[in-house]
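These notes are about the structure you will find just below.
Throughout, read-outs are computed from the coordinates displayed, never taken from laboratory work. Since the structure is predicted, the reported quantities are computational estimates derived from the model, not experimental observations. Heads up, the Cβs are rebuilt from the backbone with ideal geometry, glycines too, and the neighbour counts pull from every protein chain shown.
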Amino acid sequence: MSGMKKLMFGTTALIIAAIVFALMLNITKNDLKKQISDNPGGNKSSAAASGQTNTVDQDYLFFTYNLNISLDANVSGCLIDNTGEKFNYTLTGNTTVLTPEEAFSKVLKKKDELSGTDFIKEKDISNLCEVLNLIDADMEFQTEENGTGNGISTLYGIVYSSGEPSLIKIYSTGDTIEDPTDGNAIVIQKYFRKKLNEFELSSI
């Protein structure tokens, strides 16, 4: 092989290697984003299609609602904002009559009294927002009665319509298990389960 041919062969090999490396790096870097293409729900009946918007500019991303009647009827959980910080809350008193939406409203009003701690890494926030924006708001759940006596913990995504936040259920665990059937909700469920090292939602 002449020197020129060797040079051309070597250059081509380097270009191919660089392309392969770039593709692998992109897949690793955007693991959450990659999973969007695997979702079976698509945009047709998602939050995005219904006029709701989810960008990193929105104030809040997720809300957890933990209810255990045996523990003084308290509602607890956390609010996660657009910087990835989580703010733990507890609503005491006769809170069993509070819906998740009512609890969310109360927590927003007392947000300034809560202390935040880092929870979601900055690199994951935009991808989580994108996946959240694709969830089918009308999805069904696979439900199982567990009867553990530990109450129910539910993770909600926060979506915005005309500037107003609302909750969309992603999954529940505890006495009643509700697993999502929408592929995008499953992506977020898997993310939180991995993030929590398989502990229940109430542990955060």
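Arranged from highest to lowest average of other beta-carbon atoms within 10 Å per residue, in what order do the peptides 128-141, 159-172 appear?
Working: 128-141: 19.9, 159-172: 17.0.
So the peptides 128-141, 159-172, ranked by packing, come out 128-141, 159-172.
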Open item on the list: Through the Karplus equation 6.51 cos²θ - 1.76 cosθ + 1.60, θ set to phi - 60°, convert the phi angles of segment 158-165 into ³J(HN,Hα) values in whole Hz; use x for Gly and Pro.
Closed with: 10, 10, 10, 10, 6, x, 9, x
